[in-house]
Each structure stands twice: as structure tokens, then as C-alpha cells.
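**Student:** Have a look at this one.
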Amino acid sequence: DLKSEMNKTRKLPLKKDARASDSSQEDAIDQWARRRKQFKDSKKCSSTGGSSINSTITEGSINSEDARSVDLGLYSENEDRGFYTENFHSASWVFRGDDVSPDNSPRCLSKRPRPVAIRERTVKIAKGTGNYPWGFRIQFSKPILVTEVDTNSAAEEAGLQVGDILIAVNGTDVTSMPHSEAANLARKGPDILTMIVGSDISRYPNTPKPTCRGYLHKRTQSAILKGWRKRWFVLKHNGYLHYYKHKKDEGKCRPLEVTKLEGAEIGVDTSLGKPFVFKCIPQAGNRIFYFCATSNQEMKRWLEAMDKAVHPIHQNHVWVDVTLHNTTLPPLAIKNPECLGLLHQLDRSKDVWIQHYCILKDGCLYFYATLRSTPAQGGLYLQGYIVSEQSLGSKRSVIELKPPSEEFKTFYLCAENVNENKRWITALKASINKWLPLHQAIQDFMSRPLEETRM
């Protein structure tokens, strides 16, 4: 509300009216100054803003390095709220729930039908040629599972995924049908195979999205200064390319520019006579970005990641849908939480601790302003994080959430006392342990099901 009032009053000194008196203009300027001071004061005493969780900068706030004008006084802390999901999107994760015993198979690869949260969708596959015209494999189980999808097949093109559950084939329910009968239904049907499939977080591995970080040299487009400038680039899993002047600026300063890569044209460039140069032509606008890497391997790394951002998969993992739904609920409406209570989170850019009411559920830590707040301010996807107790500054007991790679953020949390910290650490470790990297889940599940049918 305060920010909207600022935007209204901000226009007052800019109105051009030849009949306006000098005194009315001065009043407008004074009013703007008072509003600005009030806004700054409210930022200092705020106890709910300033979360250093995932940045969600809109296209309207994008500024070019060559012609930028950033008003830091108007930078709202609300822009820093959201879910920090980068580690989840950087690799394939599968949910094993409470099946933590090494004697048990991970639930994602198990025959046991224990759905957690199912999302249904329709998949239509055009019949190809050869002995296996659709290009996927199903296993004998109830429900019937897709255990393999051939690369570059019609099934892959239609969006069929390993772990999908077959619900209906060509309009016939197959949930209680042997998999051989379901296969016959497909073979005897039309050339367009229509299936209703479901996916749940216990069987469906997420698809990694592009994330890439590193220094690149960017060719400046300024009419005054021409040449190459070294900049820190960050390609986020949402397909936006951010860049900063220095690595240390990420997470502390606004990016110099943000570019949407979906639909862009990318490729190696030889027109400049410089090695390891590649270009990007965004779909919007008429600019051409030229980047220079330090080696051929580094250039290929960026091109592979950017190509995924150019052709994104617009489908949330079912667990992402579940967490987004949970954010709309009051804190105590989230069923069977693993831990709940007050936690303080360190905002490292301002060196202040911000209090949240937190709910922990299935590897996601939800942040609320208070116990009675709705919706959630944001949260943290915990897959792969290592939890430990550390001392930090004047605090002897702090919960450190350390990511598996330095390119992702480390988080620091603190409860009301040491015993509360220990309670949270135990719960966080157990919650994180519910998730496995896909390659580890496959290694744990050494033997494939005995009976399968290739389609």
C-alpha cells in the first residue's frame, strides 16, 4: 500500500501545468520527500520483509548496462520473496518418502502402489515404424508404470515420462488390468495412441532445468565505449539470463540486465575473428549479444545450458504443484508437518535476522510472516542440502543449510534456543533424507522387474 502511494505521489513533481503556482509545486515536492522518508523508515523497522530467498525480478524492472538508471531507494524487499528452488532444478530428484531402510527399494522405483499426490494428463502418441512403433516400455505392476522412454521417439516427443502411471488406453480404464492386456489395447487401436497417464511425487523424477554460472566477456554495445567487458553471468532455471559486474554482486545487487532466452537464437559466431565467441539473439527486441568464453569446453557448457532455456519444458514436477498449493494455505492447514515453529533467517546482504513462522514438510521449508499469515512468503527446496550446527558471530548455535555446490546459496537459521535448534536440525535431516538423486535411486534398485513389455 505504501509503495502504491509512493507511485502516485511520485508523479506530482513531474506534472506540467503552466498555471500551477511555485508554492503548489514546492508543496508537492515536500510531500514526495516526506513519503520517501516514511518509506525508508518503514524498511528499517520491517520484521517481515527482506527475505533473501529466490529473486523474482519482473521484465519491467530490467535495466540495460549501457543505459541504466537504478533508484536503489525504491527497490522493494518484496522482490526477494519466493521459493529458492535452484538446487532442485539442477539435478533429477526422486521421492522415497519414509522408505529409508537400505533393505527397501526407493518408493519411486518400487512396485508398491503408494501414491502421494497424483496429477493426470492426456498423452497422444503418433504410431511410428518398426517393431516398437511408440518407443516406450511398461512393467508388470499395479498400477502399470512406464519404465523406459526411447530417445527421440514419438513417446518422448509427446511428453511421456519414466515413472508415469497408465490410467486409460484409448478410452479404456487399465488401472486394474494386466499390463499385457493394456499393451494389446494399444496395438489393436488406431494409429494415434491416446493415453491418460498420472504422475506422483513418489515415482516421477523431476526434469533438470538449465542453471549455469560463470564469468564471460560480453561485447559492449555502447556508442562511446566499445570492446569486451568481463561480467558474471547467471542462467536461472526459469530461462532468464542475469549478469552482474562481479561475482560478489549476485544476491546483493540488482543485475545489470536480465534477458529472456526462450525462443532466442543462439550459436557459435566467427564473424568477429575471435575464438570461443557465441551469440544470442533474443526473440524480443532487436539486439544481438556477443559472448566470449575462455575455452571451447566452457563455450560448449554455456551453449548446452542456453539451448535448454531456448526450448524449455513447460511442465512443473507434480511436487512443485503440491508446494505451490500449500503456500495458499494457512500454516496449520498443511497436513502432517514434520516440524513447525519460529525461526530467524539471516539476511546476509543487510546482516540482520528476520523472524518467520516456519513449516517443514517433505523437503520443503515454508516461510510465513506470522502464525496467522496467508499466503506463505516463500520457502526453500531442501533437496541435497547438508544440515549442521555452527557458531556465527555472536550466536553460538546456528543452523547452517549448505548446498552441495558453491554456486548455490547457503542459508543460516536460528531458533529461540539451543534445544529448539537441535529439534529443527533432526527434523531437517530426516526431511531431506526423503529425497534421492535419480542416479543413486537407480543404483539402489539394482534388479529390474522381471516382466516388461516394450511398445
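The values are calculated or read from the model by the stated rules, or taken from the named source; none is laboratory data. Just so we're clear, the structure is a prediction, and the values are computed from it rather than from any experiment. Counting neighbours? That spans all protein chains shown, and the Cβs are built from the backbone with ideal geometry, glycine included. Each accessible area value is taken on the protein alone, full model and side chains, heavy atoms only, with ligands, DNA and RNA left out. Shrake-Rupley method; radii C 1.70, N 1.55, O 1.52, S 1.80 Å.
**Student:** Hey, among the residues in region 328-350 that are more than 16 Å from Leu382 (Cα to Cα) and polar (S, T, N, Q), which one's most open to solvent (accessible area, probe 1.4 Å)?
**Tutor:** Only one residue tops the list, namely Asn336.
**Student:** So which residues in region 409-421 are closer than 11 Å to Val387 by Cα and surrounded by fewer than 17 Cβ atoms within 10 Å (Cβ to Cβ)?
**Tutor:** Across region 409-421, the qualifying residue is only Thr410.
**Student:** Would you check if there is a residue in region 281-299 being touching an Asp or Glu at 6+ places or on another chain (Cβ under 8 Å), free of Cβ contacts under 8 Å to residues at least 24 places away in the same chain and over 17 Å from Phe233 (Cα atoms)? Talk me through it step by step, then tell me what you get.
**Tutor:** Going residue by residue through region 281-299, those that are touching an Asp or Glu at 6+ places or on another chain (Cβ under 8 Å) are 281, 283, 290.
Okay, now just the ones that are also free of Cβ contacts under 8 Å to residues at least 24 places away in the same chain, so 281, 283.
Retained after the next criterion (residues that are over 17 Å from Phe233 (Cα atoms)): 283.
So far as region 281-299 goes, yes, one or more of its residues are touching an Asp or Glu at 6+ places or on another chain (Cβ under 8 Å), free of Cβ contacts under 8 Å to residues at least 24 places away in the same chain and over 17 Å from Phe233 (Cα atoms).
**Student:** In region 135-162, how many residues are assigned to a loop (DSSP other than H, G, I, E, B), surrounded by 20 or more Cβ atoms within 10 Å (Cβ to Cβ) and among the small types (Gly, Ala, Ser)?
**Tutor:** Here the count works out to 1.
**Student:** Also, I was wondering about something else. Can you go through His237, His217 and tell me which one is outside the structural domain of Phe408 (by the TED database), more than 18 Å from the chain's Cα centre (by Cα), open to solvent by 30 Å² or more (accessible area, probe 1.4 Å) and in contact (Cβ under 8 Å) with a residue 12 or more places away in the chain? Spell out how you get there, then give the answer.
**Tutor:** Numbers: His237 fails: more than 18 Å from the chain's Cα centre (by Cα).
Result: His217 is the single residue among His237, His217 that is outside the structural domain of Phe408 (by the TED database), more than 18 Å from the chain's Cα centre (by Cα), open to solvent by 30 Å² or more (accessible area, probe 1.4 Å) and in contact (Cβ under 8 Å) with a residue 12 or more places away in the chain.
**Student:** Scan Ile196, Ile192, Ile281 and give me the residue that is at pLDDT 90 or above and touching a Ser or Thr at 6+ places or on another chain (Cβ under 6 Å).
**Tutor:** Ile196
**Student:** Looking at region 357-371, which of the residues that are in a loop (DSSP other than H, G, I, E, B) and out of contact with any helix residue (DSSP H, G or I) (no Cβ under 8 Å at 6 or more places or on another chain) is most open to solvent (accessible area, probe 1.4 Å)? Steps first, please.
**Tutor:** Step one: filter region 357-371 for residues in a loop (DSSP other than H, G, I, E, B), giving 362-363, 369-371.
With out of contact with any helix residue (DSSP H, G or I) (no Cβ under 8 Å at 6 or more places or on another chain) added as a condition, the list becomes 369-370.
Values: Ala369: 24, Thr370: 70 Å².
Among residues in region 357-371 that are in a loop (DSSP other than H, G, I, E, B) and out of contact with any helix residue (DSSP H, G or I) (no Cβ under 8 Å at 6 or more places or on another chain), the one most open to solvent (accessible area, probe 1.4 Å) is Thr370.
**Student:** Restricted to region 260-291, and to residues that are open to solvent by 20 Å² or more (accessible area, probe 1.4 Å) and under 20 Å from the mean Cα position of the chain (by Cα), which residue is farthest from Phe88 (Cα to Cα)?
**Tutor:** Taking the candidates together, the pick is Gly263.
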